[in-house]
Amino acid sequence: MQKRAPSRRRLALASALCLGLAACAGGSVSPSPSAVANASPDARGVITYASYQVAVAREGDTVATLAARVGGSADEISRLNGLPPDYRMRAGEVLVLPDSVPRSGVGASPTGWTPEGAAAAIDAAPAGASGTAQQPNPFNRGQTEPLIDPVRHRVEAGETAYSIARLYGVSVTSLASWNGLGPDFAIRVGQELLIPVTGSANRISSTFDSSPGTGTAVPPPPIGATPLPENVAPGENPASPDLGQFRTPAGGRLQAPVSGPIKRSYNAANPSGVGYDVPVGTPVRAASSGAVALISEEIGGGGAIVLLSHSDDVLTTYSVLDNVTLEKGQRVEAGQVIGTVAARQPQEMQFDVFRGTEPLDPTIYLGG
């Protein structure tokens, strides 16, 4: 029998292979050094460092109310911190202030010195003290070594509080505490974060020789120790894996309808299924669960053609059979005997797979 499908439209079978990748971290991780507490804000909620100031927001603060309290421009504060003008802040959230905001104290200088502070320090000096009284370093947070200003980090796209904390070797909880972050540690692009001062961070070395003409020894860069080899051959990319072997066709895998080898392969140019090399009388089984859609006799006699309908619009046909006792509409289960192989020339059991009216290679459904 020469069997032709009613249509020759090409159907692209699309499937997706989803790979779950689990990232594993190996080795030991050194704990983050302990961060010291930030300085306390003044009456305006401002903390003054050597070269900049920050403001600590209060409950219900907007950029406008905070700007009015510290004596700055709301637009400047918004731009500097990457905020919309109507942004409402959390209590404790820290914003960097522009240089136009007055520094703490009347007549304050960029170093934090004020006439009032100097007078208070002189008055508090013990009797008989000689020389000029020096105020304590306002940026010392309990360490014995002098400290510079806390480092500022501007958040870029893709960064998180965790990645920034790892970058600077501090704990994320310290980073959140210094910047008034919420319990979810959420940050925004353009936000200025203060990096917490730790027992080993931001120290000014006191061991170098600062006398005139004294240089600082600098080790050579690692790249200078060993020159790069010449004429390096380009590497070859590995062959792409054959992911198609893992593809599950629409309708799922099918069982072989008979026990025997395939002697005639599928020909896309003249599709008429595959031919199994099995003798007359071999039991033929349903390749999958489904319903009998059609039972017809081959033209010229010689046996019956059974068509079964399965899920996902998949159809299977079995040609040419004897001893078919099924009825149209009857339900069959996978592996159920639906007939036996009839005699034909050349002798074979023909098995076809369709999706809708499109003939497909049955072998992509078999096995697996």
Length released on extending from S296 to R79, taking residue separation times 0.36 nm less the Cα-Cα span: 70.2 nm
Nonlocal amide H pairs with G339, under 5 Å, H built at 1.01 Å: V284
q = 0.11, 0.12 Å⁻¹, the stretch 252-354: log10 I(q)/I(0) [Debye, one scatterer per Cα]: -0.28, -0.34
Local electrostatic count, L194, Cβ distance below 10 Å [Lys/Arg +1, Asp/Glu -1]: -1
Estimated distance in nm for a label pair at R166 and R90, the labels positioned 7 Å out from Cα along Cα-to-Cβ: 2.2 nm
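Readers should treat all values here as calculations from the given coordinates under stated rules, not as data from a laboratory. Since the structure is predicted, the reported quantities are computational estimates derived from the model, not experimental observations. So basically every Cβ, Gly included, is an ideal-geometry build from the backbone, and we count neighbours across all protein chains shown.
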